[in-house]
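Take a look at the structure below.
Since every read-out is calculated from the coordinates, none of them should be taken as a lab result. This structure is a prediction, so every number in the text was calculated from the model and none was measured. A quick note on method: Cβ atoms are made from the backbone with ideal geometry, for glycine too, and the neighbour counts reach across all protein chains shown.
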2 protein chains.
Amino acid sequence: MQPSKINFMEKFSKLPDEDYSVRIIAMMNNYEFKIVKFKGEFIWHSHPDTDETFIILDGRMMMHFRDKLVELNRGEMIVIPKGVEHKPTSKEGYKALLIEPEGVTNTGEVESEMTIKKIEWV
Amino acid sequence: MQPSKINFMEKFSKLPDEDYSVRIIAMMNNYEFKIVKFKGEFIWHSHPDTDETFIILDGRMMMHFRDKLVELNRGEMIVIPKGVEHKPTSKEGYKALLIEPEGVTNTGEVESEMTIKKIEWV
């Protein structure tokens, strides 16, 4: 039968050795669970149609908003409300779980060299 | 502005000292994020209208299905497909994050002394 457990670190171990990598690991209804590894500075963007959730699994994320900065460490989560501009950065790098409806573009309404057309499964 | 981080252990520290406790900690669109603390044997049930996701934050969960048993530890997750009967048990106790649409009853289609009519925020 289908339901099997998913081990986050086992999934992360399959990612390429790059500063930014995103892969889908599970679906719940029409929502995707994605693992994200990131180091550096992302771009300002927002998602006009949906909230999105980050759960930090390792490292540290600095989530920039236009009017404040939120530091997130392992064992913490944040829900980015739809339409709210944000920019994650990380000097040390972070590993996170990202939850949002299927098909959401990683850079939201902004087209950039960081835009991923189609996110693969791992 | 609204988006603030949520620290799981800080939220768990506010739960009553009982073997079973569930509280809402966040919403993403119409989905609820709930923290669950559980020790003992839950009841067989299913959710006819939705998948649900457990992310184990601490301890060990034994997720029983009619045809198999899945052991889940910290750093692991499982998506229970809609309509699939399941029963979580835990000798040691576990802490988990539960993600599903708002208003889903904890015991699914089964009414029992474990049924919680209205889950509160913490």
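Just the number, please: Stokes-Einstein D of the protein assembly as shown in µm²/s, Kirkwood Rh from C-alpha pairs, 10 °C, 1.306 mPa s.
Here the translational diffusion coefficient equals 86 µm²/s.
Amide H to amide H distances under 5 Å link A:Asn106 with A:Ile116, where only residues 5 or more positions off or on other chains count and H is placed in the peptide plane. Under the simplified labelling scheme, the B:Asp17-B:Arg60 pair shows an inter-label distance of 2.6 nm, with each label point 7 Å from Cα along Cα→Cβ. Here the contact order of chain A, divided by its residue count and restricted to Cα pairs under 8 Å and six or more residues apart, works out to 31 percent.
3J(HN,Hα) couplings calculated from phi for segment A:46-52 with the Karplus curve 6.51 cos²θ - 1.76 cosθ + 1.60 (θ = phi - 60°) are, in sequence order, 9, 10, x, 10, 7, 5, 9 Hz; Gly and Pro show x. For the protein assembly as shown, the mean residue ellipticity at 222 nm estimated from helices alone is -1000 deg cm²/dmol, where every DSSP H run of n ≥ 4 contributes -39500 (n - 2.57) and the total is divided by all residues, rounded to the nearest 500.
Annotation: amide H of A:Gly93 within the under-5 Å range of A:Gly40, A:Arg60, sequence separation 5 or more or interchain, hydrogens built in the peptide plane.
In this structure, the pairs whose alpha-carbon distance is over 24 Å, taken from B:Lys14/B:Lys95; A:Lys118/B:Lys82; A:Lys14/A:Lys39, are A:Lys118/B:Lys82. Here r is the Cβ-Cβ distance between B:Glu92 and A:Lys82 and R0 is 51 Å; the resulting FRET efficiency, rounded to 0.05, is 0.85. Taking other C-beta atoms within 10 angstrom as a stand-in for reagent exposure, A:Met61, B:Met77, B:Met62, A:Met9 fall in the order A:Met9, B:Met62, B:Met77, A:Met61, fewest first. Looking at the square roots a ≥ b ≥ c of the eigenvalues of the Cα gyration tensor of segment A:18-69, which shape do they give, rounded for a/c under 1.5, prolate if a/b is larger than b/c, or oblate? Oblate is the answer for segment A:18-69, as a/c is 1.5 or above yet b/c matches or exceeds a/b.
Sequence-ordered 3J(HN,Hα) estimates for segment B:86-98 from the Karplus curve with 6.51, -1.76 and 1.60 and θ = phi - 60° stand at 8, 8, x, 9, 7, 6, 7, x, 9, 10, 9, 9, 10 Hz, glycine and proline given as x. Model label sites at B:Lys118 and A:Ser112, defined 7 Å from Cα along the beta-carbon direction, differ in position by 4.4 nm. Sorted ascending by nearby beta carbons within 10 Å, beginning with the fewest, A:Thr89, A:Thr53 become A:Thr89, A:Thr53.
Inside 10 Å of the C-beta atoms of A:71-82, what's the mean count of C-beta atoms belonging to other chains?
Per residue, the number of nearby Cβ atoms from other chains is 5 on average.
Given in Å, the Rg to one decimal and the Dmax to the nearest whole number for the Cα atoms of chain A are 13.8, 48. Between the exposed loop cleavage positions of chain A, defined as GluC sites (Glu not before Pro) in a non-H, G, I, E, B DSSP state with at most 14 neighbouring beta-carbon atoms within 10 angstrom, the longest gap is A:19-101.
Exactly which chymotrypsin sites (Phe, Trp or Tyr not before Pro) in segment B:1-94 are in a DSSP loop and have at most 16 other Cβ atoms within 10 Å?
Answer in residue order: B:Trp44.
Scalar couplings 3J(HN,Hα) for segment B:17-23, obtained by applying the Karplus form with A = 6.51, B = -1.76, C = 1.60 to θ = phi - 60°, are 7, 9, 5, 9, 8, 9, 9 Hz; x denotes Gly and Pro. By the count of neighbouring beta-carbon atoms within 10 Å, fewest first, A:Leu72, A:Leu57 end up ordered A:Leu57, A:Leu72.
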